Amino acid sequence: MLDEFIRKTIREMVGGSGPPIAFLTPKGDRGLFGPESIAWKVHADFISMMIGGISSLILQALHPQALAGVWDHSSFREDLKGRLGRTAFFIAATTYGPTEMANNVIEKVNHIHAKITGLDEFGNPYSATDPHLLAWVHLTETRSFMNSFEDYRKEIISPEEKDQYFLEMKSLGERMGAKDLPSTYANTESAITAYIPELYFGKRASSIIDLLENFPGNLMAKPFIKLISRAGFLNLPDWVYPMIGKTVPSYLERLAVKKSIHLIAMPVREALKDGVAAHSFRRIYG
């Protein structure tokens with residue numbers, strides 16, 4: 001009963017339906033990374049991935065040209081669940097999917113990006129195939145996923161494994177069109193801060209952040225969704241808060257949210273234990 005309620009609540013956030021049977025075949029196909037990769041470990045935890053997903057969307061909204069592509073060519077504002085669901089499937093397919101599935105989804109997204117052009121809110125031209133913008137999206141996602149995993153998974157990851165994750169994800173980012181991506185955590189942080197002069201918190205970004213802060217959902221799912229959303233905001237770098245008109249969260253606030261996340265994480269992880277990662281593991285090892 002509890003497991004089904006949790007799965008229903010998660011579908012309320014990101015969509016999705018039954019067991020991911022598409023990840024069971026073809027037998028022995030290791031996909032792009034394989035089960036020994038750090039990407040398999042980090043991306044397997046739904047809770048920390050959702051938290052990281054929220055914080056990465058906040059960061060991406062602060063770049064006027066990255067935001068313009070979403071603003072002009074996406075149903076993000078009307079269909080937040082659909083957007084998160086598509087992003088979740090992309091991550092699942094490229095991390096855990098068989099090789100053909102992963103290649104197909106990369107090709108599909110690159111094809112969509114080729115059609116996305118326009119002017120940002122300052123009248124500057126943008127293109128979704130711009131390596132500089134693609135790098136911003138990649139950097140903010142990988143940084144957010146890793147930080148959230150370390151904070152909320154309660155699993156020790158060595159500095160070498162941490163850097164290995166960014167090296168693995170670099171290969172995916174470059175297939176999406178980004179160039180000269182960093183291959184370590186430290187260099188990823190440095191690369192992100194180099195974008196600060198390009199960032200802008202205006203009406204567009206404010207509306208996106210307000211949407212994420214007040215994530216839509218039904219009454220039963222609301223407390224869970226609200227907590228995940230709050231944790232996403234706490235997963236931001238400290239320099240972001242003054243930019244978006246918020247105070248840097250206190251130690252006590254961070255601690256309270258972490259304890260709350262740890263309480264709900266156990267039943268959520270139990271409910272999702274036979275998810276994409278488990279199906280993909282069976283594909284490889286039977």
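Rounded to two decimals, the Cα radius of gyration of region 177-283 over 2.2 N^0.38 Å is 1.36. Each residue of region 198-215 was assigned a 3J(HN,Hα) from its phi angle through the Karplus expression (A = 6.51, B = -1.76, C = 1.60, θ = phi - 60°), giving 8, 7, 8, 10, x, 5, 5, 4, 4, 5, 5, 5, 4, 4, 5, 6, 10, 3 Hz with x at Gly and Pro. Fully extending the segment from K179 to R86 would add 31.1 nm, taking 0.36 nm per residue of separation and subtracting the current Cα-Cα distance.
Rounded to the nearest whole Hz, the Karplus-based 3J(HN,Hα) values (6.51 cos²θ - 1.76 cosθ + 1.60, θ = phi - 60°) of region 186-191 follow the sequence 4, 6, 5, 4, 5, 5, with x at glycine and proline. Near L62, no amide H atom lies under 5 Å from its own; only residues 5 or more places off or on other chains count, and H is placed 1.01 Å from N. Multiplying the residue separation of L24 and A278 by 0.36 nm and removing their Cα-Cα distance gives an extension gain of 90.5 nm. Of the residues T142, T87, T95, the one with the fewest other Cβ atoms within 10 Å heads the list, and the complete ranking is T87, T95, T142. Panel order for I196, I284, I54, by other beta carbons found within 10 Å of each beta carbon, from fewest to most: I196, I284, I54.
Convex hull volume of the Cα atoms of region 225-284, normalised per residue: 116 Å³. Proximity of backbone amide H atoms, modeled 1.01 Å from N, is registered between L199 and no other residue at under 5 Å, excluding neighbours fewer than 5 places apart on the same chain.
Answer rounded, prolate or oblate for the chain, using the Cα gyration tensor with square roots of eigenvalues a ≥ b ≥ c: rounded when a/c is under 1.5, else prolate when a/b is larger than b/c, else oblate.
In terms of gyration-tensor shape, rounded.
When the C-alpha to C-alpha distance is required to be over 27 Å, the pairs from K115/K246; K41/K81; K203/K259; K81/K108; K226/K246; K162/K222 that qualify are K115/K246; K203/K259; K162/K222.
The length gained by stretching the chain between E150 and A194 to full extension, at 0.36 nm per residue less their Cα-Cα distance, is 13.5 nm. Modelled spin-label separation between S171 and D79, with each label point placed 7 Å from Cα along the Cα-to-Cβ direction: 3.3 nm.
Residues Y195, Y285, ranked from the fewest to the most other C-beta atoms within 10 Å, line up as Y285, Y195. Here the Karplus relation 6.51 cos²θ - 1.76 cosθ + 1.60, evaluated at θ = phi - 60°, turns the backbone of region 104-110 into coupling constants of 5, 6, 5, 4, 5, 5, 4 Hz, with x for every Gly and Pro.
Every number here is computed from the coordinates shown, using simple stated rules; none is lab data. Quick caveat: nothing in here was measured; it's all calculated off a predicted structure. No Cβ is skipped: glycine too gets one built from the backbone with ideal geometry, and neighbour counts run over all protein chains shown.
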